[in-house]
Every structure is written in C-alpha cells, then in structure tokens.
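Worksheet: the structure to be examined is printed underneath.
The values are calculated or read from the model by the stated rules, or taken from the named source; none is laboratory data. Small disclaimer: the values here were computed from a predicted structure and weren't measured. Cβ placement follows ideal geometry from the backbone for every residue including glycine, while neighbour counts extend to all protein chains displayed.
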Amino acid sequence: MSTTVPTARILVVDDEEPIRTLLAFPLRRDGHDVVTAASGAEALEEFDRQRPDLVLLDVMLPGIDGFEVCRRLRERSAVPIIMLSARGEEVDRVAGLESGADDYVTKPFSVRELRSRVKAALRRAALPAVVAGETPPVAAGELVIDPDRRRVTVRGEEVELTHLEFELLVTMAYAPGRVFTRDMLLERAWGGSAYRERRTVDVHVLHLREKIERDPRDPEYVITVRGLGYRFRDTDDD
C-alpha cells in the first residue's frame, strides 16, 4: 500500500491569528489548501462552506468552545478532527475524544509532531474500501461484521461506527482471543503510537462498546485484559 499522503483542504480553527499562521505555514508547504476560522461559529460556517478534509480545532474559542464545535461537526460528518489545547490534563484529553475528536494534541507541540498527526489522519481517511470478496464476514453471537461493506449489525440492526471504531473492531474480531496491547491498536488504527496517549484507545473502545454491547459495563464482545489491553471474544467465552 502506498504511503503517499494526499493533499487536502484543512480547516484551522484558533482564536489567535499568530497561531493560525504558525499552523497553516507547514501545512501549505506540504501542498495542502488551508482555510482558517477564529471562532466556533465561524468554524461551523466555514466547514459548511469549504467542506474540508480535516479540521485542526482549538479547544478554547470565543462563543462556542471547541468541544461543542467538535460535537456539532461529528453530527454531520466523519471528517478527521484533531483537537489542539494547552490543557493537557487527562480529563481534558478524554473530553476531547469523547466529543468526537480522532486525536488530541497538547500545546506546545513541534511542527514535526503536527505534520505526523495530520499525515496519519489523512492516510486513514483515504484508505480504500476492502476489495469485495477478499474478507468474509465474521459473526459472533448477535454481532455481524462485514468488512467488504464496512457494515456492522447487532441483533439485526445496523450500527454506525466511526472509521477508528470500525478499525479497532475488525482488528480484534479477526483474531478472536488474541490480546492486543494499546500500542498495537494505536499502530493499527492510528498508524503509529508516536506522540499519542494510550488512553486514546480506551476512549474509543468505550464508544465502541456503547454501540455494540448489550451492557457496556459487562461486555461480551470486546473484553478488557487487565494490565495489557483488549481482546475479542473467542469460543472459550461461550
């Protein structure tokens, strides 16, 4: 598979003009079309107008904050969203991921780190669908995963998963019983663990369980392996 990163339209949202300039410069050097917004309301307007391929979103914005902007964007699009914040506490990172962000970057960060995360997000978004017929569906209990159609059903009802949730589920479901560490899952779904918090995996697994488990607090499909990571149910669990 090619590692070429596609050029993209990127929406940069920050209320400080020098920061917007600092963020936009390396992205434009990489060939991307960069548009900017200085507030939450402007970000929503520019998103509808420009239809960007990726959003860099600051948390602290006048009016509508970044968390709410992220939630609203996620209601209308699966576009990759990378949140930026000077608030590096775990509770803030978790809040960003729970609002629908794909990634969360704490300021200050290097240009190299920013470019790495943007490249990884764009590569994920550009991944082609699985070639029909190459990967058979897998069924476990009332859960059916069809990777050819990127379709998941639970008890006969289709559930909508984000790209990352789907990648995590497929990775584990096609190796039932195998324990995947958080670093392994970061590598598979995010394209690498560099610069990323392992807690990111936990938040996305939480969201995944809320969609596929009958009782997310007592999961039957995605099982926690304490101190290691996660595994998908196998025949020994039945």
Item checked: Pairs with Cβ under 7 Å, 6+ apart, first in segment 30-43 and assigned by TED's automatic domain parsing to the domain that holds Glu16, second part of a helix (DSSP H, G or I) and surrounded by fewer than 18 Cβ atoms within 10 Å (Cβ to Cβ) -> Asp30/Arg115; Val34/Arg28; Val35/Gln50; Gly40/Glu68
Next item on the list: Kindly establish whether Leu61 is in a helix (DSSP H, G or I) and not assigned by TED's automatic domain parsing to the domain that holds Ala189.
Entry: no
Check: Under the condition of being among the aliphatic types (A, V, I, L, M) and modelled with pLDDT of 80 or more, which residue from segment 179-194 is surrounded by the most Cβ atoms within 10 Å (Cβ to Cβ)?
Finding: Leu185
Check: How many residues are out of contact with any strand residue (DSSP E or B) (no Cβ under 7 Å at 6 or more places or on another chain), without any contact (Cβ under 8 Å) to a residue 60 or more places away in the chain and of a type outside the set (S, T, N, Q) if we restrict to segment 1-14?
Finding: 1
Note to self: Within segment 134-220, considering only helices (runs of 4 or more DSSP H) that don't extend past its boundaries, which have at least 1 residues that are outside the structural domain of Leu84 (by TED's automatic domain parsing) and over 23 Å from Arg117 (Cβ atoms)?
What the structure shows: 163-173, 199-212
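Quick check on segment 221-238: of everything there that is part of a loop (DSSP other than H, G, I, E, B) and not basic (Lys, Arg), which residue is modelled with the highest pLDDT?
Tyr221
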Note to self: For segment 15-32, give me each residue that is charged (D, E, K, R) and either surrounded by 14 or more Cβ atoms within 10 Å (Cβ to Cβ) or part of a helix (DSSP H, G or I) (or both).
What the structure shows: Asp15, Glu17, Arg20, Arg28, Arg29, Asp30
Item checked: Lone qualifier among Val55, Val79 - being touching a residue at least 12 places away in the same chain (Cβ under 8 Å), assigned to a loop (DSSP other than H, G, I, E, B), closer than 25 Å to Glu165 by Cβ and in contact with a strand residue (DSSP E or B) (Cβ under 9 Å, 6 or more places away or on another chain) -> Val79
